[in-house]
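The values are calculated or read from the model by the stated rules, or taken from the named source; none is laboratory data. Keep in mind the model is a prediction, meaning the values are calculated, not measured. As a convention, Cβ positions derive from the backbone with ideal geometry for all residues, glycine included, and neighbour counts pool all protein chains shown.
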Amino acid sequence: MIAIGVVAVAGFGSVPGAAAKPRPVLKVAPARPTATTAITVSFKAPKITRSRVHYVAILTVGSTYSPVACISDFPHVALRATRGGRFTAKLNPRIGVAGARRWCNGVAQLEVRRYGPDVQYSPALARRTLPVGTGKADPAPPETGVPVKITVLSGSTLTASAAGRPDRSAQLTGVLRGMIPGRFEPNTDIRVEQISGSLTPQAVFPPDPLCPDTPSPGTFDALPSSQLVLKASGDGIFNLVLNGSAAQLFGCGPAGALSGTTTLPLTGHVGPKGLLEMPEAGAVTGIPLPAGSQGGLAANLVLNVDLSGKG
């Protein structure tokens, strides 16, 4: 709330030549409320004679995290006059804020101010701190990241091509898993790291006629250095790092265990189904092959990207 002006509060200011009056004592019951206990506030103050002016109780709990929905800022509550020049109010967490029915754990600060007329209000006339719930703020969990599941859907292919020979294609399936560092924030660029898993041909990837004895691997394994960036614009940039040299993935050796890595630079943009079916395409060219020829690998993937953290 923005203060347009600050009212002068009779009886609480200092008077020239006289000792300043003590700040009114704010009474709170119970002294240590539980997370679901209503808090009763009372203090003694001059009677209000002006219309549209009232005393208001304001409670805030110093808590930045809670594993459950809770109230850290309670709506302002007007105090009502009682006997003996006292004003009182009850702050009940069960009727305070939609979706939350308990106080946040922590140290609460309770203030009473005089509001009105209109948007004017006084400085704090009385103030008190008190523990609520456990009395200590709940510690935030360590930011280990949000799990992401990437499913390679039907229609995904990997194609090997070389001049003078027919293209060789294989349908791919598979599941990749990665992690969003820290917390997921919607409507921002999202970076998925530490991606691993395998792309598996649904049928044996045909061998190249020049290299019949060095077929492609049975699976194309992603390495944790892979990274997917989902931009707020809808673009997707996927640097998919596969185990094995480009020639080995193509199916032209060298024979033996896979060595080195190959990065498939994939790009795409969300379609009508968003991340449920996101196309990504890219290619590696200039792969050295026998007899001085060159080849290429082209990937056309359809991805289901699950950001729910439950994959």
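Every residue, every condition in (1) exposed (fewer than 14 other Cβ atoms within 10 Å of the Cβ); (2) farther than 23 Å from Gly164 by Cα; (3) in the same structural domain as Ile190 (by TED's automatic domain parsing), yes or no:
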{"position": "Pro212", "(1), (2), (3)": "yes, no, yes"}
{"position": "Ala222", "(1), (2), (3)": "no, yes, yes"}
{"position": "Ser245", "(1), (2), (3)": "no, no, yes"}
{"position": "Pro254", "(1), (2), (3)": "yes, no, yes"}
{"position": "Lys273", "(1), (2), (3)": "yes, yes, yes"}
{"position": "Pro279", "(1), (2), (3)": "no, yes, yes"}
{"position": "Leu289", "(1), (2), (3)": "no, no, yes"}
{"position": "Asn300", "(1), (2), (3)": "no, no, yes"}
Long-range neighbours under 8 Å by Cβ, at least six apart or interchain, first residue touching a residue at least 12 places away in the same chain (Cβ under 8 Å) within the stretch 270-292, second among the acidic types (Asp, Glu): Leu275/Asp306; Leu289/Asp208
In the stretch 180-217, the residues that are closer than 30 Å to Pro290 by Cβ and assigned to a strand (DSSP E or B): Ser198, Leu199, Thr200, Pro201
Matching residues, the stretch 41-59, being surrounded by fewer than 16 Cβ atoms within 10 Å (Cβ to Cβ) and either under 22 Å from Arg94 (Cβ atoms) or not assigned by TED's automatic domain parsing to the domain that holds Ser122 (or both): none
Within the stretch 60-97, considering residues that are of a type in the set (Val, Ile, Thr) and surrounded by 14 or more Cβ atoms within 10 Å (Cβ to Cβ), the one modelled with the lowest pLDDT: Val97
Any hit, the stretch 27-48, residues being modelled with pLDDT under 90, among the hydroxyl-bearing types (Ser, Thr, Tyr) and more than 15 Å from Leu110 (Cβ to Cβ): no
Residues being of a type outside the set (D, E, K, R) and surrounded by fewer than 18 Cβ atoms within 10 Å (Cβ to Cβ) - total across the stretch 192-210: 10
Looking only at the stretch 163-180, and only at residues there that are without any contact (Cβ under 8 Å) to a residue 24 or more places away in the chain and surrounded by fewer than 16 Cβ atoms within 10 Å (Cβ to Cβ), the one that is farthest from the chain's Cα centre (by Cα): Pro166
Matching residues, the stretch 71-112, being of a type in the set (S, T, N, Q) and under 19 Å from Pro123 (Cα atoms): Thr88, Gln109
Cβ-Cβ under 6 Å pairs, at least 6 apart or on other chains, the stretch 181-202 side over 16 Å from Asn239 (Cβ atoms) and modelled with pLDDT of 90 or more, far side assigned to a strand (DSSP E or B) and of a type in the set (Asp, Glu): Ser198/Asp221
Meets criteria (out of contact with any Gly (no Cβ under 6 Å at 6 or more places or on another chain) and either among the small types (Gly, Ala, Ser) or crowded, with 19+ Cβ neighbours inside 10 Å (or both)) for Val112: yes
Residue under evaluation Val148, criteria (1) under 13 Å from Leu303 (Cβ atoms); (2) surrounded by fewer than 17 Cβ atoms within 10 Å (Cβ to Cβ); (3) within 16 Å of the chain's Cα centre (by Cα), criterion not met: (2)
Residue among Gly116, Gly85, Gly135 that alone is among the small types (Gly, Ala, Ser) and within 27 Å of the chain's Cα centre (by Cα): Gly135
Single residue of the stretch 228-243 satisfying the filter (among the polar types (S, T, N, Q) and either in a loop (DSSP other than H, G, I, E, B) or crowded, with 17+ Cβ neighbours inside 10 Å (or both)) that is modelled with the highest pLDDT: Asn243
